[in-house]
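S.K.: This is the structure I have questions about; it appears just below.
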Amino acid sequence: MKYFSIVLIALLFVSCGTSVGVDYDKEVNFAQYTTYNFFPTIDSGLNDLDDKRIMNVTDSLLQARGFKKSETPQVYINFYAKERLTNSRNTIGIGIGGGGGNVGVGVGGGIPIGGRVVEQVITMDFIDVSNDDLVWQAIAETELKEKAKPLQKKKHYEEVVSKILKKYPPSK
């Protein structure tokens, strides 16, 4: 029983995070890309503050890995988001029941807790500048509290972009 509880708790933590899917052109030699910049006209669907958060963490992570930001890049990075506001899936259950013998009656329900959340699907594209081809794409599905404070948003985007860029460049 103790083993089962540990596995159940581990699955709960794994299912709560950001999930990232990646697609890329297998014919491309990603070692050739050493410089990058952001697409000149990013229309992410996010506000300017969130755009800056994503750009800052992307710059930090890529430059830490030896990539250089350039005015004449080999790769443009574009990102955009789709958002949907939903109620939190966390609920407190309430139940009423009774019965005796072979007869039972029950009523149950859940009260949402934790406020509303923003479900985000963030897509990040890497585009080869020389031939204007999409060479790598990541799609991250994540959630953010509707009333998140600036520091919470900063940490959120650090986590999301870190998970996205962990898969770039693709391993052979």
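Okay, residues lined up against (1) under 24 Å from Asn37 (Cβ atoms); (2) at pLDDT below 95:
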{"position": "Gly97", "(1), (2)": "no, yes"}
{"position": "Asn102", "(1), (2)": "no, yes"}
{"position": "Val107", "(1), (2)": "no, yes"}
{"position": "Arg116", "(1), (2)": "no, yes"}
{"position": "Ala138", "(1), (2)": "yes, no"}
{"position": "Glu141", "(1), (2)": "no, no"}
{"position": "Leu144", "(1), (2)": "no, yes"}
{"position": "Lys147", "(1), (2)": "no, yes"}
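S.K.: On to the next question. Please enumerate the residues belonging to the stretch 41-58 that are under 15 Å from the mean Cα position of the chain (by Cα) and either among the polar types (S, T, N, Q) or in a helix (DSSP H, G or I) (or both).
M.R.: Once the filter is applied, which keeps residues that are under 15 Å from the mean Cα position of the chain (by Cα) and either among the polar types (S, T, N, Q) or in a helix (DSSP H, G or I) (or both), the stretch 41-58 yields Ser44, Asp50, Asp51, Arg53, Ile54, Met55, Val57, Thr58.
S.K.: Oh, and also: For the stretch 138-172, which residues satisfy the criterion of being basic (Lys, Arg) and within 8 Å of the chain's Cα centre (by Cα)?
M.R.: Residue satisfying the conditions is Lys163 alone.
S.K.: Can you pull out the residues in the stretch 56-72 that are surrounded by 16 or more Cβ atoms within 10 Å (Cβ to Cβ) and within 22 Å of Ser130 (Cα to Cα)?
M.R.: Thr58, Asp59, Leu62, Phe67
S.K.: Mind checking which pairs have a first residue in the stretch 62-77 that is touching a residue at least 24 places away in the same chain (Cβ under 8 Å) and farther than 10 Å from Phe38 by Cα and a second that is among the acidic types (Asp, Glu) and surrounded by 10 or more Cβ atoms within 10 Å (Cβ to Cβ), Cβ under 6 Å, 6 or more apart or different chains?
M.R.: none
S.K.: Do we have any residue at all in the stretch 51-58 that's at pLDDT below 95 and closer than 20 Å to Lys145 by Cβ?
M.R.: Within the stretch 51-58 (the criterion being at pLDDT below 95 and closer than 20 Å to Lys145 by Cβ), the answer is no, since none of the residues qualifies.
S.K.: Identify, by number, the condition in (1) outside any strand (DSSP E or B); (2) at pLDDT below 95 that Pro73 doesn't meet.
M.R.: Every listed condition holds for Pro73 apart from (2).
S.K.: Just give me the residues in the stretch 52-79 being among the small types (Gly, Ala, Ser) and in contact with a strand residue (DSSP E or B) (Cβ under 9 Å, 6 or more places away or on another chain), in sequence order.
M.R.: Ser70
S.K.: Right, another one. With the requirement that a residue be polar (S, T, N, Q) and surrounded by 15 or more Cβ atoms within 10 Å (Cβ to Cβ), what does the stretch 73-87 give you?
M.R.: Listed by number, the residues that qualify are Gln74, Asn78.
S.K.: Got a number for residues in the stretch 59-70 being in a helix (DSSP H, G or I) and out of contact with any Phe, Trp or Tyr (no Cβ under 8 Å at 6 or more places or on another chain)?
M.R.: 5
The values are calculated or read from the model by the stated rules, or taken from the named source; none is laboratory data. For clarity, every value in this text was computed on a predicted model and none was experimentally measured. Here the Cβ is made from the backbone with ideal geometry for all residues, glycine too, and neighbour counts use every protein chain on show.
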